[in-house]
Amino acid sequence: QGSRHCGTRRAVTPKRIKSQVRASESSMQWALSLPMVCLAFVSAAAQGAVPEGACAQGGQCSEEKDETLLLQLPASHSEEKDSPVFADGRLSGLKTFSLNSTSDGVLRVTFNQTPTNLINTLFVEEMNKLCGELEQEPSTKVVIFQSANEAIWLGHYDANHFTVQLAATGLPRKENPLVDMTALGVRLTKLPQVTMAKIAGACRAGGQELALAMDMRYAAKGKAVFKQPEVAMGINPGAGGVTRLVRVVGLAKALEIILTADDYSAEQAEAIGTVNKALDADEIDAYVEKLAGRIAQWPAASINAAKQATYESGDTTVMNSLKNEEFWMWKAITQGPAVHRMEYLAKHVQTSAEGESDWEKVLKHAQTLNAPFWEKQSEE
């Protein structure tokens, strides 16, 4: 459930691209003539195929992937909404976490399953419901995961699920609830939104495994503590705990963390890379909110494209990674306001040293150009 992997390759030929452009509306034709778009189209055609694993922004993929979809998105995929996400009562009645969404494009998810924020089947079920909404929610750009429990950010997996006598019963793998936890981690990683873990409490076992499935992690000094205790309990880390830890810290350090089953602090986590940054407890809220707000300014299409291309680059060869970059750039251009922003860059920024001198000003102004490229705008 929730998989967004597209397994079919479709050839991208110059002839097909030419016919698509002729069929486009006149408002699209002027935009597609821009050098940046042409470069992306030519690069995609030169590769001869669309890479696997590339899916539409914020949604489920069909088995049959057709590049024409990238040129015919409805105008309803706007960057702006009048009301905060989930303000309409969607996902009401949640028992393991609460939601707080504002019109800034940032959703805050607060774990609150008393007394220990235990990960159980209900938590996994509700998290999957949240992911299902987020996969279809283009106005949410960033999701912050935090905890109402000052002592525990997110607990371990419910030990009741380990008491079954596997050797005696031969429990089929598909009936093992841990498989659902693994799938949830994959689904979180593939969300089109940026996910941030704001950790100000214990983050052990399943808690750390889920945190590692998120895009960025920030830890409060003196409060956050990390551990993989599974080996001491007779098992090994699951739900991506081994796989992601090795990729983040390297094999030798991952083995040390797993085999010693020792606690390590926010400062140590920052040093080895399991968190992006360790901050004083009275600074972490403002820091994460500021960072989330900055990212949420950018177009949803380019956030998703950059995220997917980055993850795919770590799971493939260099050459396939380069193809993925080309594809996601093409997709971002054809799904968002990139063309207007490239025009602004070409006409008003790169023409002078003064124009290139203040890129914070450039980025701020670019965010006012939010219309999809097929909705013609007046020239700035």
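The values are calculated or read from the model by the stated rules, or taken from the named source; none is laboratory data. All figures in this text were calculated on a predicted structure; none of them were measured in a lab. Because the Cβ atoms are built from the backbone with ideal geometry, glycine has one as well, and the counts that use them run over all protein chains shown. Side chains are part of the model used for accessible areas, which takes the heavy atoms of the whole protein and leaves out ligands, DNA and RNA. Shrake-Rupley method; radii C 1.70, N 1.55, O 1.52, S 1.80 Å.
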Task: Residue list for segment 215-237, filter: farther than 15 Å from LEU154 by Cβ and open to solvent by 30 Å² or more (accessible area, probe 1.4 Å) - done: ASP215, MET216, LYS221, GLY222, VAL231, ALA232, MET233, GLY234, ILE235, ASN236
- [ ] Write out, first by first residue and then by second, each pair whose Cβ atoms fall under 7 Å of each other, whose residues are 6+ apart or on separate chains, and whose first residue, in segment 271-284, is closer than 11 Å to PHE226 by Cβ while the second is of a type in the set (Lys, Arg) and open to solvent by less than 30 Å² (accessible area, probe 1.4 Å).
- [x] THR274/ARG217; VAL275/ARG217
Open item on the list: I need a count of the residues in segment 250-283 that are within 22 Å of ALA200 (Cβ to Cβ), at pLDDT below 95 and hydrophobic (A, V, I, L, M, F, W, C).
Closed with: 0
Open item on the list: Of everything in segment 117-142, what is open to solvent by 10 Å² or more (accessible area, probe 1.4 Å) and in a loop (DSSP other than H, G, I, E, B)? Give them in sequence order.
Closed with: LEU118, ASN120, GLN136, PRO138, SER139, LYS141
Open item on the list: Need pairs with beta-carbon distance below 9 Å; first residue under 19 Å from ARG294 (Cβ atoms) and open to solvent by less than 30 Å² (accessible area, probe 1.4 Å) and within segment 99-115, second among the small types (Gly, Ala, Ser) and modelled with pLDDT of 95 or more; sequence gap 6+ or separate chains.
Closed with: GLY105/ALA292; GLY105/GLY293; GLY105/ALA296; VAL106/ALA292; VAL106/GLY293; VAL106/ALA296; ARG108/ALA292
- [ ] Restrict the check to segment 321-330 and report whether at least one residue is of a type in the set (A, V, I, L, M) and in contact (Cβ under 8 Å) with a residue 24 or more places away in the chain.
- [x] yes
Open item on the list: of a type outside the set (S, T, N, Q) and open to solvent by less than 10 Å² (accessible area, probe 1.4 Å): is that true of ILE152 in this structure?
Closed with: no
TODO: Read through the list (1) under 21 Å from GLN297 (Cβ atoms); (2) open to solvent by less than 70 Å² (accessible area, probe 1.4 Å); (3) of a type in the set (Gly, Ala, Ser); (4) outside any helix (DSSP H, G or I), then give the number of the only condition that ALA332 fails.
DONE: (4)
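Condition check ((1) among the small types (Gly, Ala, Ser); (2) assigned to a strand (DSSP E or B); (3) under 21 Å from the mean Cα position of the chain (by Cα)) across all residues:
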{"residue": "LYS198", "(1), (2), (3)": "no, yes, yes"}
{"residue": "ALA232", "(1), (2), (3)": "yes, no, no"}
{"residue": "ILE235", "(1), (2), (3)": "no, no, no"}
{"residue": "ALA254", "(1), (2), (3)": "yes, no, no"}
{"residue": "GLN268", "(1), (2), (3)": "no, no, no"}
{"residue": "ASP282", "(1), (2), (3)": "no, no, no"}
{"residue": "ALA292", "(1), (2), (3)": "yes, no, yes"}
Task: Exclusive hit being of a type outside the set (Val, Ile, Thr), on the phi < 0 side of the Ramachandran plot and surrounded by fewer than 19 Cβ atoms within 10 Å (Cβ to Cβ), set ASN276, ASN304 - done: ASN276
Task: Any chance LYS347 is over 24 Å from VAL143 (Cα atoms), modelled with pLDDT of 80 or more and either in contact with a strand residue (DSSP E or B) (Cβ under 7 Å, 6 or more places away or on another chain) or open to solvent by 50 Å² or more (accessible area, probe 1.4 Å) (or both) - done: yes
Task: Verdict on ASN324 being of a type in the set (S, T, N, Q) and either farther than 22 Å from LYS190 by Cα or modelled with pLDDT of 75 or more (or both) - done: no
